[in-house]
Structure formats: structure tokens, C-alpha cells
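To start, the structure under review is shown below, and the notes come after it.
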């Protein structure tokens, strides 16, 4: 299957984070309780709050419960340990970004407008700011998150820019290396997190946006 065929599912909404309610030991786990989704989200937000303020060494079940204003019993309905909580937090972060990107581009059919909307989001985005804060308090968590989800990050961009890539292929009468372009976007975002810009580099997002838009328009007029 070609890159173009792989990218056709361009408006598939990322699946919600699925967290199952735990049951007594030895009993079968119940299906997802949708009424508990708000509680799970509160737990995730509390987990990130503790991680960003104090780091993983200070992350405890007690600290998260206090931050979320819930009992330990309530938290243990969803997460058996600190390790399970951290794993879920990584998936929650990934899902939140999937949702943000989808909400920015999925309603735009015009390739040029979709590309500009993607640039506006990706060059200055919430995830980058959150990541920089986590880098200060919990670098091990963040670097592991980057490593384990790198391919997912590329796929996220493949989906978001599928109509854009299709239009470029038609203009060029060939197939672009979509995987390479998506990887360049991912590596750009990660480099901004690990090595923040300073001085004149503060306007780097605007400069990159201007250059890419110019290249895109030149392809459209050729």
C-alpha cells in the first residue's frame, strides 16, 4: 500500500483514552464506565500538575489524590500503582494533542487553508509549552514519552496533512516522501522543546511559517 493510500483516513478522530474501572482481585474487569470519565480526567490533570511542579520523585498516590480532591479508594478504582498512573498520563498527553490537532484541521477541506491552519497550530502550540515545563521537572518522563511515541507523532501529521500531501502530489505529478516531511515537522517540534530559541530566534516560528507558505504558494502557481 502506498503512502497516499495509507493517509486517506484523514479525518479519523483519535480514540478517547480508555480507562477501565478496577474490580476486586480475581474478578473480570468491567467495561468502561463513561460516567467516570470526568473523574479520570481530573486524576490525569492532577498527575500532570504534580509532575510539572515537583517531578516524578514527588509523585505519589497521596499527592495526586490531594490535588484532584478525591479519596485514595476512588483513585485505586482506576489505577493500581504509581507506575500505572504515569503510563496513563503519557497516553492522556498523547490523546489530548491528537484531539487538538484534529480540531484544528479536520473541518478544513481546502489544502492550502488546511496547511496554514496546521502551521499556525504546530509552530506555536500548547504541547510544546507543557513539554518544556516537564523537561525542567521530569526530563526522564518526557524523553521516554518522545522515544516511545515518535512514530505516533509522525502518523498524527500524516493524517492531518493527507489532503495537503495529495494536492502536492497532483501538482508535482508524482508522490512526495510523506514520511520524510512528517518526520521533519516532528523533529522540528522536538528540537524546539529540547533546545529553546533565544534572542532573534524568538521569531523562528513566524520565519518558518513565512518560508513554508511561500514554498507552498510557489508550487500552486507552477
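So that you can scan it fast, the table gives a plain yes or no per residue for (1) touching a strand residue (DSSP E or B) at 6+ places or on another chain (Cβ under 9 Å); (2) at pLDDT 80 or above; (3) buried (at least 17 other Cβ atoms within 10 Å of the Cβ):
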| site | (1), (2), (3) |
| --- | --- |
| 129 | no, no, no |
| 160 | no, yes, yes |
| 169 | no, yes, no |
| 186 | no, yes, yes |
| 205 | no, no, yes |
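Looking at segment 74-89, is at least one residue closer than 18 Å to residue 133 by Cα, touching a residue at least 24 places away in the same chain (Cβ under 8 Å) and touching a helix residue (DSSP H, G or I) at 6+ places or on another chain (Cβ under 8 Å)?
Our first condition is that a residue be closer than 18 Å to residue 133 by Cα; within segment 74-89, this holds for 86, 89.
In the following step, the residues that additionally are touching a residue at least 24 places away in the same chain (Cβ under 8 Å) were identified as 86, 89.
When the remaining residues are screened for being touching a helix residue (DSSP H, G or I) at 6+ places or on another chain (Cβ under 8 Å), the result is 86, 89.
Taking every residue of segment 74-89 in turn, at least one turns out to be closer than 18 Å to residue 133 by Cα, touching a residue at least 24 places away in the same chain (Cβ under 8 Å) and touching a helix residue (DSSP H, G or I) at 6+ places or on another chain (Cβ under 8 Å).
Is at least one residue of segment 208-221 farther than 19 Å from residue 118 by Cβ and either assigned by TED's automatic domain parsing to the domain that holds residue 122 or at pLDDT below 90 (or both)? Even if it seems obvious, please write down each step before you answer.
Residues of segment 208-221 farther than 19 Å from residue 118 by Cβ: 221.
Add one more test, that the residue is either assigned by TED's automatic domain parsing to the domain that holds residue 122 or at pLDDT below 90 (or both), and what stays is 221.
The answer is yes; a qualifying residue exists.
The values are calculated or read from the model by the stated rules, or taken from the named source; none is laboratory data. Just so it is clear, the structure is predicted and the values come from calculations on it, not from any experiment. Cβ atoms come from the backbone with ideal geometry, glycine included; neighbour counts cover every protein chain shown.
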